[in-house]
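The values are calculated or read from the model by the stated rules, or taken from the named source; none is laboratory data. Being a predicted model, the structure only gives us computed values, none of them experimental. So basically every Cβ, Gly included, is an ideal-geometry build from the backbone, and we count neighbours across all protein chains shown. The accessibility values were calculated without ligands, DNA or RNA, using every heavy atom of the protein model including side chains. Shrake-Rupley method; radii C 1.70, N 1.55, O 1.52, S 1.80 Å.
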Amino acid sequence: MSLQQRDLFIKHIFSTVAPYIDLLSSAFSFGFDHIWRWQTVSRSGIAEGEQVLDVCTGTGELAFLLSRQVGLRGLVTGADFCEEMLARAKTKSGPHHQNLSFIVSDAKQLPFPDNTFDAVTVAFGMRNIPDTSLALTEINRVLKPRGKFVCLELTRPHNSWFRALYEWYVFKVMPFIGERVVKTSAPYLYLPVPSMRLSSG
């Protein structure tokens, strides 16, 4: 499968799960996804008044936390290449998110000048980018000198007994539930695979 074909495949997966992804992400992680995002923002060093780009923003869960972190003097832009995910994000945006905007954009070709952002963030997204090195090059390009790159990601457990439990859960339980909610198991058969590759590569 070429990189372009994989891009289209991934976009189709996220278009399919967009209406359910917030609910299922919380359910599958037992609510820890919210804690992980909150801890990521609180430990990021991102300060009030800064300009932040959240790539692979999805439904904007991290971007909304970032908008509170930077305050009214700061700006947050959430970028994603899946319009259906961004449509869900925009439905959650209200008058108190005036410092937050969303745009359709591929992380591998960001429509911003060099040295634009004080920080770039990504949560559970790098593993779904076929050409990670190109995305990282783009992220580095749009970051200001001494800017911050903050990445929250899942990886394969190193402990053997916990890894066995993890693999049973993500490859058996999650697709089983996904098939009943989304009416197809395909997204939740694919989504754990990049994190397995990320941790073993």
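For this structure, a couple of remarks:
- Filtering segment 88-120 to residues that are more than 16 Å from E138 (Cβ to Cβ), of a type outside the set (D, E, K, R) and open to solvent by 80 Å² or more (accessible area, probe 1.4 Å) leaves T91, P95, H96, Q98.
- For segment 72-87, filtering for residues that are in a loop (DSSP other than H, G, I, E, B) and open to solvent by less than 50 Å² (accessible area, probe 1.4 Å) leaves 3.
- Total residues in segment 101-145, condition at positive phi and either of a type in the set (V, I, T) or modelled with pLDDT of 95 or more (or both): 1
- Count of residues meeting criterion [part of a loop (DSSP other than H, G, I, E, B) and either in contact with a helix residue (DSSP H, G or I) (Cβ under 9 Å, 6 or more places away or on another chain) or closer than 22 Å to V120 by Cβ (or both)] in segment 10-51: 11
- Within segment 84-102, residues that are within 14 Å of S15 (Cβ to Cβ) reach partners that are part of a helix (DSSP H, G or I) and at pLDDT below 95 with beta carbons closer than 6 Å, at six or more positions or on different chains, in the pairs E84/S15; M85/F14.
- Unique residue being touching a residue at least 60 places away in the same chain (Cβ under 8 Å), charged (D, E, K, R) and either touching a Gly at 6+ places or on another chain (Cβ under 8 Å) or assigned to a helix (DSSP H, G or I) (or both) when the list is D7, D106: D7
- Among the residues of segment 137-167, those that are within 17 Å of C56 (Cβ to Cβ) and either free of Cβ contacts under 8 Å to residues at least 12 places away in the same chain or assigned to a loop (DSSP other than H, G, I, E, B) (or both) comprise T137, N140, E153, L154, T155.
- Selection from segment 156-201 of residues that are modelled with pLDDT under 80, exposed (fewer than 15 other Cβ atoms within 10 Å of the Cβ) and among the hydrophobic types (A, V, I, L, M, F, W, C): V193
- Segment 125-155, subset more than 17 Å from the chain's Cα centre (by Cα) and surrounded by 17 or more Cβ atoms within 10 Å (Cβ to Cβ), residue farthest from F9 (Cα to Cα): G147
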